[in-house]
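Accompanying notes for the structure given below.
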């Protein structure tokens, strides 16, 4: 599925981005898209969509936003996994009513960016 950008959100600080992403993920009309890379990493790490949704609902944005394409910004959100003793990070691009998942990783993993 191709992600159709709708409305760009302004660059946000971590606290505001956390609040915004949590609101979007709790929306009744939530749309989210996984890149091929994100799908591959889910499978590689033995994670499921629910792990991503958990991080987006209960996690915190850490660090500063990074530039993404078309004037959007990507954020890294992390939370303790509900199914393991490890912490999961999700890189996401929020839109006004949708989320594009770029990748998912274990926090502390060597390949973490």
Most fluctuating residue of 82, 65, 94 in a GNM of the chain with Cα springs under 10 Å: which is it?
82
GNM flexibility winner over the chain from 91, 55, 64 (Cα, springs under 10 Å)
64
Could you work out the helix-only [θ] at 222 nm for the chain, with each DSSP H run of four or more residues adding -39,500 (n - 2.57) and the total divided by the number of residues, to the nearest 500 deg cm²/dmol?
-8500 deg cm²/dmol
For region 14-106, what does the convex hull of the Cα positions come to per residue, in cubic angstrom?
90 Å³
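Here, each number is a calculation from the coordinates, and none is a lab measurement. Please read all numbers here as calculations on a predicted model, not as lab measurements.
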